[in-house]
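> Starting off with a structure, shown below.
The values are calculated or read from the model by the stated rules, or taken from the named source; none is laboratory data. This structure is a prediction, so every number in the text was calculated from the model and none was measured. Note that each Cβ is placed from the backbone with ideal geometry, even for glycine, and that neighbours are counted across all protein chains shown. Surface accessibility is based on the protein's heavy atoms, side chains included, excluding ligands, DNA and RNA. Shrake-Rupley method; radii C 1.70, N 1.55, O 1.52, S 1.80 Å.
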Amino acid sequence: MKSKNLLFAAVIIAVIGFLFFLSSTARKPPLIPSDAIHKNLTGIRACAPCHGPGGSSPLKKEHPPKRHCFKCHKKA
Ligand code: HEC
Ligand code: HEC
(Lines give C-alpha, C1' and ligand atoms only; values in the text may rest on other atoms or scores of the structure.)
(Ligands and ions follow the chains in the order given, each with its own letter.)
Protein backbone atom coordinates (compact mmCIF):
# COMPACT_ATOMS: atom_id res chain seq x y z
CA MET A 1 0.00 0.00 0.00
CA LYS A 2 2.71 2.42 1.01
CA SER A 3 4.71 1.87 -2.18
CA LYS A 4 1.59 2.59 -4.23
CA ASN A 5 1.29 5.97 -2.53
CA LEU A 6 4.93 6.67 -3.26
CA LEU A 7 4.42 5.79 -6.91
CA PHE A 8 1.39 8.07 -7.02
CA ALA A 9 3.41 10.94 -5.55
CA ALA A 10 6.20 10.35 -8.05
CA VAL A 11 3.77 10.53 -10.96
CA ILE A 12 2.28 13.80 -9.66
CA ILE A 13 5.73 15.32 -9.28
CA ALA A 14 6.69 14.24 -12.79
CA VAL A 15 3.54 15.83 -14.26
CA ILE A 16 4.10 19.10 -12.41
CA GLY A 17 7.71 19.15 -13.53
CA PHE A 18 6.67 18.59 -17.14
CA LEU A 19 4.13 21.45 -17.02
CA PHE A 20 6.74 23.75 -15.49
CA PHE A 21 9.14 22.82 -18.29
CA LEU A 22 6.50 23.67 -20.90
CA SER A 23 5.73 27.06 -19.38
CA SER A 24 9.41 27.99 -19.15
CA THR A 25 9.97 27.33 -22.85
CA ALA A 26 6.92 29.33 -23.99
CA ARG A 27 8.05 32.21 -26.13
CA LYS A 28 7.91 35.52 -24.36
CA PRO A 29 7.36 38.80 -26.22
CA PRO A 30 10.53 40.91 -26.22
CA LEU A 31 10.33 44.34 -24.57
CA ILE A 32 10.00 47.40 -26.75
CA PRO A 33 13.47 48.96 -26.69
CA SER A 34 13.67 52.37 -25.02
CA ASP A 35 15.77 53.85 -27.81
CA ALA A 36 15.26 57.02 -29.85
CA ILE A 37 13.03 55.22 -32.34
CA HIS A 38 10.61 53.74 -29.84
CA LYS A 39 10.59 56.23 -26.96
CA ASN A 40 7.83 58.50 -28.23
CA LEU A 41 5.64 56.00 -30.04
CA THR A 42 2.19 55.57 -28.56
CA GLY A 43 -0.20 54.46 -31.29
CA ILE A 44 0.13 51.02 -32.80
CA ARG A 45 -0.31 52.56 -36.24
CA ALA A 46 3.19 53.94 -35.81
CA CYS A 47 4.70 50.45 -35.81
CA ALA A 48 3.62 49.36 -39.26
CA PRO A 49 6.02 51.35 -41.48
CA CYS A 50 8.99 49.53 -39.93
CA HIS A 51 7.59 46.26 -38.58
CA GLY A 52 4.89 45.68 -41.19
CA PRO A 53 5.45 43.68 -44.37
CA GLY A 54 8.08 45.32 -46.54
CA GLY A 55 9.27 47.54 -43.65
CA SER A 56 12.85 47.92 -42.49
CA SER A 57 12.53 45.21 -39.79
CA PRO A 58 9.42 43.17 -40.62
CA LEU A 59 7.99 40.69 -38.14
CA LYS A 60 8.88 37.05 -38.55
CA LYS A 61 6.38 34.89 -40.38
CA GLU A 62 5.70 32.94 -37.20
CA HIS A 63 4.95 36.08 -35.14
CA PRO A 64 1.78 35.50 -33.05
CA PRO A 65 -1.42 37.37 -33.97
CA LYS A 66 -0.60 41.07 -33.88
CA ARG A 67 -3.79 42.99 -33.29
CA HIS A 68 -2.55 45.18 -30.48
CA CYS A 69 1.20 45.43 -30.00
CA PHE A 70 1.11 46.91 -26.49
CA LYS A 71 -0.99 44.08 -25.10
CA CYS A 72 2.04 41.82 -25.31
CA HIS A 73 5.04 44.12 -25.72
CA LYS A 74 5.79 46.30 -22.72
CA LYS A 75 8.16 49.22 -22.85
CA ALA A 76 11.63 48.51 -21.53
C1 HEC B 1 11.40 53.87 -37.45
C2 HEC B 1 11.25 52.41 -37.50
C3 HEC B 1 10.54 51.72 -36.33
C4 HEC B 1 9.29 51.99 -35.79
C5 HEC B 1 8.29 53.10 -36.20
C6 HEC B 1 9.06 51.01 -34.75
N7 HEC B 1 10.16 50.18 -34.66
FE8 HEC B 1 10.35 48.61 -33.34
N9 HEC B 1 12.28 48.32 -34.00
C10 HEC B 1 12.87 48.99 -35.05
C11 HEC B 1 14.22 48.52 -35.21
C12 HEC B 1 15.22 48.99 -36.27
C13 HEC B 1 14.40 47.53 -34.19
C14 HEC B 1 15.63 46.69 -33.91
C15 HEC B 1 15.54 45.55 -34.87
C16 HEC B 1 16.20 44.35 -34.39
O17 HEC B 1 16.92 44.38 -33.37
O18 HEC B 1 15.97 43.31 -35.03
C19 HEC B 1 13.16 47.42 -33.46
C20 HEC B 1 12.94 46.55 -32.40
C21 HEC B 1 11.70 46.35 -31.78
C22 HEC B 1 11.41 45.37 -30.76
C23 HEC B 1 12.40 44.41 -30.13
C24 HEC B 1 12.60 43.21 -31.01
C25 HEC B 1 13.57 42.25 -30.37
O26 HEC B 1 13.84 41.23 -31.03
O27 HEC B 1 14.03 42.48 -29.25
C28 HEC B 1 10.09 45.48 -30.45
C29 HEC B 1 9.31 44.65 -29.43
C30 HEC B 1 9.56 46.54 -31.24
N31 HEC B 1 10.55 47.05 -32.05
C32 HEC B 1 8.24 46.97 -31.19
C33 HEC B 1 7.76 48.09 -31.83
C34 HEC B 1 6.43 48.62 -31.61
C35 HEC B 1 5.36 48.00 -30.72
C36 HEC B 1 6.33 49.74 -32.39
C37 HEC B 1 5.14 50.70 -32.51
C38 HEC B 1 4.73 51.34 -31.24
C39 HEC B 1 7.60 49.91 -33.09
N40 HEC B 1 8.45 48.89 -32.70
C41 HEC B 1 7.90 50.93 -33.99
C42 HEC B 1 12.31 49.99 -35.84
C43 HEC B 1 11.07 50.58 -35.61
C1 HEC C 1 -0.27 38.06 -28.77
C2 HEC C 1 0.92 38.74 -28.29
C3 HEC C 1 1.66 39.68 -29.26
C4 HEC C 1 1.14 40.76 -29.95
C5 HEC C 1 -0.30 41.29 -29.97
C6 HEC C 1 2.25 41.34 -30.67
N7 HEC C 1 3.41 40.62 -30.42
FE8 HEC C 1 5.26 40.97 -31.19
N9 HEC C 1 6.00 39.26 -30.34
C10 HEC C 1 5.27 38.42 -29.52
C11 HEC C 1 6.11 37.27 -29.16
C12 HEC C 1 5.71 36.11 -28.25
C13 HEC C 1 7.36 37.47 -29.82
C14 HEC C 1 8.56 36.56 -29.79
C15 HEC C 1 8.47 35.64 -30.98
C16 HEC C 1 9.61 34.66 -31.04
O17 HEC C 1 10.31 34.46 -30.04
O18 HEC C 1 9.80 34.11 -32.13
C19 HEC C 1 7.26 38.74 -30.55
C20 HEC C 1 8.28 39.29 -31.31
C21 HEC C 1 8.26 40.57 -31.86
C22 HEC C 1 9.37 41.23 -32.50
C23 HEC C 1 10.76 40.65 -32.71
C24 HEC C 1 10.88 40.13 -34.13
C25 HEC C 1 10.01 38.92 -34.39
O26 HEC C 1 9.25 38.93 -35.39
O27 HEC C 1 10.08 37.94 -33.61
C28 HEC C 1 8.93 42.47 -32.91
C29 HEC C 1 9.72 43.57 -33.63
C30 HEC C 1 7.53 42.58 -32.53
N31 HEC C 1 7.15 41.40 -31.91
C32 HEC C 1 6.72 43.68 -32.79
C33 HEC C 1 5.33 43.69 -32.66
C34 HEC C 1 4.45 44.72 -33.21
C35 HEC C 1 4.93 45.94 -33.99
C36 HEC C 1 3.17 44.38 -32.85
C37 HEC C 1 1.86 45.11 -33.23
C38 HEC C 1 1.61 45.25 -34.67
C39 HEC C 1 3.25 43.13 -32.08
N40 HEC C 1 4.56 42.74 -32.00
C41 HEC C 1 2.16 42.48 -31.50
C42 HEC C 1 3.97 38.62 -29.07
C43 HEC C 1 3.08 39.58 -29.57
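> With N set to the residue count of the chain, report its C-alpha Rg divided by 2.2 N^0.38 Å to two decimal places.
The chain yields a ratio of 1.85.
> Explain nothing, just the number: dipole magnitude of the chain about its Cα centre with +1 on each Lys and Arg Cβ and -1 on each Asp and Glu Cβ, in debye rounded to the nearest 20.
The calculation lands at about 180 debye.
> Turning to a different aspect of this structure: Where in the chain lies the longest segment free of trypsin sites (Lys or Arg not before Pro) that are both loop residues by DSSP (not H, G, I, E, B) and have at most 15 other Cβ atoms within 10 Å? Write out the running numbers ahead of the final one.
Working: sites that count: R27, K39, K60, K61, K66, R67, K74.
Here the longest segment lacking exposed loop sites spans 1-26.
> Hey, what do the phi angles of segment 31-43 turn into as Karplus ³J(HN,Hα) couplings, whole Hz, using 6.51/-1.76/1.60 and θ = phi - 60°, x for Gly and Pro?
Working through the residues one at a time gives 5, 6, x, 9, 9, 4, 5, 9, 4, 9, 7, 10, x Hz.
> Rank H38, H68 by accessible area, highest first, at a 1.4 Å probe radius?
On the way: H38 35, H68 90 Å².
So, going from the largest accessible area down, we get H68, H38.
> List the residues whose amide H sits under 5 Å from the amide H of I32, counting only those 5 or more places along or on another chain, with H placed 1.01 Å from N in the peptide plane.
Distant-sequence amide H within range of I32: K74, K75, A76.
> If you don't mind, there's one more thing I want to ask. Net charge around P53, counting only other residues with Cβ within less than 12 Å of its Cβ (Lys, Arg = +1; Asp, Glu = -1)?
Computed value for this residue: +3.
> OK, next. Using the Cα centre of the chain as origin and beta-carbon charges of +1 (Lys, Arg) and -1 (Asp, Glu), tell me which of N5, P53, G43 is placed farthest towards the positive end of the dipole.
N5
> Still on this structure: For the chain, what is the calculated [θ] at 222 nm in deg cm²/dmol (nearest 500), taking -39500 (n - 2.57) for each run of four or more DSSP H residues and dividing by its residue count?
-12500 deg cm²/dmol
> Taking R0 as 25 Å, what FRET efficiency do you get between F21 and K61 from their Cβ-Cβ distance, rounded to the nearest 0.05?
According to the calculation, E is roughly 0.45.
> Can you tell me the orientation of helix 2-25 relative to the chain, as the angle in degrees between its alpha-carbon axis and the longest Cα principal axis, to the nearest 10?
Tilt relative to the chain: about 10 degrees.
> Here's another thing I want to ask about it. Determine the per residue accessible area of the chain with all protein chains present and a 1.4 angstrom probe, expressed in square angstrom.
91 Å²
> Kindly write out, for segment 65-76 in residue order, the coupling ³J(HN,Hα) from the Karplus curve 6.51 cos²θ - 1.76 cosθ + 1.60 (θ = phi - 60°), rounded to whole Hz, with x marking Gly and Pro.
So the J values, rounded to whole Hz, are x, 10, 7, 9, 3, 6, 5, 9, 9, 8, 6, 6.
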